[in-house]
Amino acid sequence: MKKISLILFSALAVTTVKAQDKFNLLVGTYTNTCQSNGIYVYEFDSVTGDYKLKKSSESVVSPSYLSVSADNKFVYAVNENGAQSAVSAFTYDAASGKLGLINKNDSQGADPCHLINDDKNVIAANYSGGSIVVFKKNPDGGITEVQQKIQHDGKGPNEARQEKAHVHMVVFSPDKKFVLANDLGLDKVFIYKYNPASKNEILTLKGSVDVKKGSGPRHLTFSKDGKFVYLVQELDGTLTTLSYDKTGSLKIVAETSILPKNFKGGTGAAAIKLSPDGNFLYVTDRVDANLISVYKVLKTGGIELVEQQSTLGKGPRDFAVDPTGNYLLVGHQYTNDIVIFKRDQTTGKLTDTGRRIQMCSPVGLVFTKI
């Protein structure tokens, strides 16, 4: 009996380990440039790097960026569509990959390009609208109409790109007490106090930090310990390190550039993310560069360049590291593919696996549990 129990336990253990090797990869796309259904769900094997398509949404307009609920039951998407832009809520069955539209509501600002959610609210950044909007969650996982809208005003020195406010990202602080918002048009990072239970004063301004003029802050990520923020600036390729404390205070401590030495050509910094262990920082750059930079994160919070290499496509708008840290996947908006890199967890370096997921205009990549 003991022997049988041991065999059963061993089989169960193997099954459990195998289950943790596979994840869903959700991809948000643009639907106005080529044939796309909107959101695609792939099963991804973090041991082999293999993938297979499970499901896609049906006729969803440009769900470029996605945010998954903590319980893995709902997906929220921006619908980036000029003056007709919206935010949508979906049921999500991780096992089958099936998405079901619950509802959508006007984003009250053009071209929402990023969003976050918790158990009470969905918060979106309207890029062309230059505003932040907050939706309450309904009991069924759907969203209310906009309950709060915060409009940014002003402009920056780059007349072509900073003619007005352009909110590019909203991010929760690690303790969820604050929301940080990058404004590409104003060269500022705004810090809002987060009041999740409030009816229509969910975000209240605490302050802001000015970054280099004309740099255009785009995306940021927190260090593993929450003491630093790494911010990439789209317009000139600046990478800024800021210290952060639990009172919501940000302070610039270092600046570098993600551009290679003697680089000539167009730049458009895009995504910035940490490896799951927090030891490496990755940043993509588009236009003519089409590179990914790898930095080692030092114990002091400083960063040290490890390597820069081609993303092997054009328009690396977003990327994702799988939860085990074995692979890094880069989505190319213009070459219509996702390039799968093997990741060395000790050095942080990337190697092309030769695997490609061919699809229309991938923009936002998110891994979830199955």
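Assorted remarks:
- The alpha carbon convex hull volume per residue for region 205-313 rounds to 109 Å³.
- Neighbour-count ranking [beta-carbon atoms within 10 angstrom, fewest first] of F135, F172: F172, F135
- Calculation over all alpha carbon pairs of the chain in 20 angstrom steps from 0 returns a P(r) of 29, 60, 10, 1 percent.
- Helix-only CD estimate at 222 nm, as mean residue ellipticity for the chain, using -39500 (n - 2.57) per DSSP H run (n ≥ 4): -1500 deg cm²/dmol
- Dipole orientation for region 23-368: of the candidates S107, G268, F178, F178 has the Cα lying most toward the positive pole (charges on Cβ; Lys, Arg +1; Asp, Glu -1).
- Each semi-axis of the equivalent ellipsoid for region 20-62 is √(5λ) with λ an eigenvalue of the Cα gyration tensor; in descending order they amount to 24, 9, 7 Å.
- The chain: most fluctuating residue of K246, K342, K193 per GNM, C-alpha cutoff 10 Å: K246
- Charging the Cβ of each Asp and Glu at -1 and of each Lys and Arg at +1, and nothing else, the dipole of the chain about its Cα centre rounds to 740 debye.
- Sequence-distant lysines (8 or more away, or on other chains) whose Cα lies within less than 23 Å of K22: K52, K54, K55, K73, K98, K273, K342, K349, K369
- Over region 23-368, relative contact order from alpha-carbon pairs under 8 Å, at least 6 apart, %: 11
- Residue order, fewest to most surrounding Cβ atoms within 10 angstrom, among R218, R356: R356, R218
- Cα lying deepest toward the dipole's positive end in region 23-368, options S310, Q233, C34, charges on Cβ: Q233
- Reducing region 50-120 and region 302-370 to their Cα centroids gives an inter-centroid distance of 21 Å.
- Of all aspartates and glutamates in the structure, the ones whose alpha carbon falls short of 18 Å from that of K177, not counting any fewer than 8 places away in one chain, are D118, D119, E201, D225, D245.
We did not get these values from a lab; they are worked out from the coordinates using the rules stated. All of these numbers come straight from a predicted model, not from anything done at the bench. As a convention, Cβ positions derive from the backbone with ideal geometry for all residues, glycine included, and neighbour counts pool all protein chains shown.
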